[in-house]
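Shown next, in structure tokens, is the structure this report addresses.
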Amino acid sequence: MKTIGIIGSGNIATLIFKIAKDIKNKLYVYDVNQNNIEKFCKKFHNKKIIRCNSIEQIIKFSDIVLESASITAVDEIFEYIRSYKNKVYIFLSIGGVLKNFSLYKDLIKKGYKICIPSGAIAGCDALSAVRFTKIKSIQLKTIKPLKTLITAPYFKQNKNLYNKVLKQKQTIVFHGNVYDAVKNFPQNINVAATLAVVSNNPDKVKVTIIADKDLKNNIHEVTVVSSAGKIFTRTENIPSEDNPKTSYLAALSALSVLHQFV
Ligand SMILES: NC(=O)c1ccc[n+]([C@@H]2O[C@H](COP(=O)([O-])OP(=O)(O)OC[C@H]3O[C@@H](n4cnc5c(N)ncnc54)[C@H](O)[C@@H]3O)[C@@H](O)[C@H]2O)c1
């Protein structure tokens, strides 16, 4: 049976394994935060879990590596990845993949198995297909509950905007390219990075983020115009119970990818 290595045992990893009752594989776990490993092991005490001391140990011992940590963890994984080709890598911090995009493309060309779950959006299969044709534009409009955005570093630098969003129902808080979206909303906008990586056209991705004071769901509208036609998808995501920043669908999509390999 294949072994699964988990890097980052926080909210999304916990959510994935809460749903994945049927996954009986041996798990290796590493997290920089010992308390979070403790919590994870306690929660899944009925699973075979072995703790590791580093990202490299996880990669070494596991057949499938699931990154559910942070952009810096992705940077570190990419430092080791060349030495461990015959593994499956599933990334969730897609901003980190975008940061290492040249290396990612090179590894994919060389046959490394690196998977990007569709996360909280639909239509990634079609987007992946149109990368073989001419893509004119990729637009993402994300509407999120204000409380899930307000902790982003962006608001600390824009005090006026902070005051404005508290006063009105809906506010456009960001409009720009995918690189700035990821930089300013590192934990909120994996969807934008996913569009960039899957389309193989980061420069075509334009992002609009709207904060809504009353909204309960995370809404993503994606419009792709290419020489194959126009694709429009809209997902209205139920936030996960434990972490409103994460859509339930994002965890399900990671699990769906994991299931292809276990
Ligand atoms: N692609 C998607 O659809 C999607 C959905 C949800 C979350 N995410 C991403 O997944 C990541 C985790 O999200 P979360 O909600 O579980 O966050 P979280 O803060 O609840 O958990 C992250 C865990 O990773 C650990 N960690 C951080 N950096 C690390 C490193 N360098 N090495 C080892 N452990 C490290 C933290 O200590 C923490 O326990 C984030 O980058 C988030 O943006 C992606």
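Between I238 and A129, the C-beta separation translates, for a Förster distance of 22 Å, into a calculated FRET efficiency of about 0.20.
With θ taken as phi - 60° and the Karplus curve 6.51 cos²θ - 1.76 cosθ + 1.60 applied, the whole-hertz 3J(HN,Hα) list for segment 21-28 is 4, 7, 7, 10, 4, 5, 10, 9 Hz, x standing for glycine and proline. Ligands, DNA and RNA aside, K26 has an accessible area near 80 Å² when probed at 1.4 Å. Between segment 126-167 and segment 61-81, what's the alpha-carbon centroid distance in Å? Using only Cα atoms, the two centres lie 25 Å from each other.
Counting only protein heavy atoms and using a 1.4 Å probe, the accessible area of D63 comes to about 60 Å². Scalar couplings 3J(HN,Hα) for segment 215-230, obtained by applying the Karplus form with A = 6.51, B = -1.76, C = 1.60 to θ = phi - 60°, are 5, 9, 9, 9, 10, 10, 10, 10, 10, 10, 10, 9, 6, 8, x, 10 Hz; x denotes Gly and Pro. Of all DSSP bridge pairs formed entirely within the chain, close to 50 percent run antiparallel.
I need the Kirkwood Rh of segment 99-251: take the reciprocal of the average 1/r across all distinct C-alpha pairs and report it in angstrom.
Kirkwood radius, segment 99-251: 16.1 Å.
Mean residue ellipticity at 222 nm, helices only, the chain: -11000 deg cm²/dmol; runs of at least 4 DSSP H residues each add -39,500 (n - 2.57), and the sum is divided by the number of residues.
Once the chain is represented by equal point scatterers at the alpha-carbon sites, with solvent omitted, what log10 I(q)/I(0) does the Debye formula produce at q = 0.08 Å⁻¹? Taking Cα atoms of the chain as identical point scatterers yields -0.32.
On full extension, the segment bounded by Y80 and K136 gains 16.6 nm, given 0.36 nm per residue less the C-alpha separation.
Can you work out the FRET efficiency for the pair L166 and M1, with r the C-beta to C-beta distance and R0 = 45 Å, to the nearest 0.05? In this case the efficiency is close to 0.30.
Taking every lysine pair in segment 120-175 that is 8 or more places apart or spans two chains, those with Cα atoms closer than 27 Å amount to 21. For segment 124-240, the relative contact order is 41 percent, taking Cα pairs closer than 8 Å that sit 6 or more residues apart in sequence and dividing their mean separation by the residue count.
Taken about its Cα centre, the chain carries a charge dipole of roughly 180 debye when the Cβ of each Lys and Arg holds +1 and the Cβ of each Asp and Glu holds -1.
Work from the charge dipole of the chain (Cβ charges, +1 for Lys and Arg, -1 for Asp and Glu, about the Cα centre) and give the residue of V65, C52, N200 farthest towards its positive end. Farthest towards the positive pole: N200. Can you list residues whose amide H is under 5 Å from S137's amide H, if they're 5+ apart or on another chain and H is modeled 1.01 Å from N? Distant-sequence amide H within range of S137: V225.
Farthest toward the positive end of the dipole of the chain, out of I143, M1, N25, is the Cα of I143, where the dipole comes from beta carbon charges about the Cα centre.
Of all DSSP beta bridges confined to segment 124-240, the antiparallel ones make up roughly 75%.
A cut-off of 5 Å between modelled amide H atoms, ignoring neighbours fewer than 5 places along the same chain, links V88 with I64, V65. Each label was represented as a point 7 Å from its Cα along the Cα-to-Cβ direction; for H45 and H175 these points are 5.4 nm apart.
Straight-line cross-link partners of K18 among the lysines, defined as a Cα under 21 Å from its Cα and at least 8 positions apart when in the same chain: K2, K26, K39, K42, K43, K47, K48, K245. Computed from phi, the 3J(HN,Hα) profile of segment 162-173 under the Karplus parametrisation 6.51, -1.76, 1.60 (θ = phi - 60°) reads 4, 5, 5, 5, 6, 8, 10, 5, 10, 9, 6, 9 Hz, with x in place of Gly and Pro. Charges were assigned to the Cβ only: +1 to each Lys and Arg, -1 to each Asp and Glu. The resulting dipole of segment 124-240 about its Cα centre is roughly 340 debye. Projecting the Cα atoms of A211, C124, L166 onto the dipole axis of segment 124-240, where Lys and Arg carry +1 and Asp and Glu carry -1 at the beta carbon, places L166 farthest toward the positive end. Taking only protein heavy atoms and a 1.4 Å probe, the accessible area of segment 124-240 is 52% carbon and sulfur. Under a 5 Å amide H cut-off, with hydrogens placed 1.01 Å from N, I210 pairs with T142, I143, K144, V173 among residues at least 5 apart or on other chains. The 1.4 Å probe gives accessible areas that order H220, H175, H259, largest first, as H175, H259, H220.
The mean sequence separation of alpha-carbon pairs under 8 Å and at least six residues apart, normalised by the residue count of the chain, gives a relative contact order of 21 percent.
The values are calculated or read from the model by the stated rules, or taken from the named source; none is laboratory data. Owing to the predicted nature of the structure, the values given are computational and were not obtained by experimental measurement. FYI the Cβ positions are ideal-geometry reconstructions off the backbone, even for glycines, and counts take in every protein chain you see. What goes into the accessible areas is simple: the full protein's heavy atoms, side chains included, and nothing from ligands, DNA or RNA. Shrake-Rupley method; radii C 1.70, N 1.55, O 1.52, S 1.80 Å.
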